[in-house]
1. Provide a single number: the residues in segment 9-55 that are among the aliphatic types (A, V, I, L, M) and within 16 Å of the chain's Cα centre (by Cα).
2. In the chain, which helices (runs of 4 or more DSSP H) lie fully inside it and hold 1 or more residues that are modelled with pLDDT of 95 or more?
Amino acid sequence: MENRSGVDVEKRTARLTLLVDPKKKAAFEELCALEDVTASQKIRQLMREYIEGKLGPSWREEVFSEDQQSQQD
């Protein structure tokens, strides 16, 4: 499944709770609003970019193939 920008949407979700300075959170949310994205969307984008930077462009195959194998077991 893909979202409006053509990016694959993960099939499952997990909650990630972060404690941040309230002023940083407000600034982040304002900047996200300027791009017409939610803070959650931007965090997911940053995570994808970070993972790809560390694991390379084929990271999705590595990460999601492990998920498919565990479903088959």
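The values are calculated or read from the model by the stated rules, or taken from the named source; none is laboratory data. Bear in mind the structure is a predicted one, so any value in this text is a computation, not a measurement.
1. 11
2. Qualifying helices (runs of 4 or more DSSP H): 22-34, 39-55.
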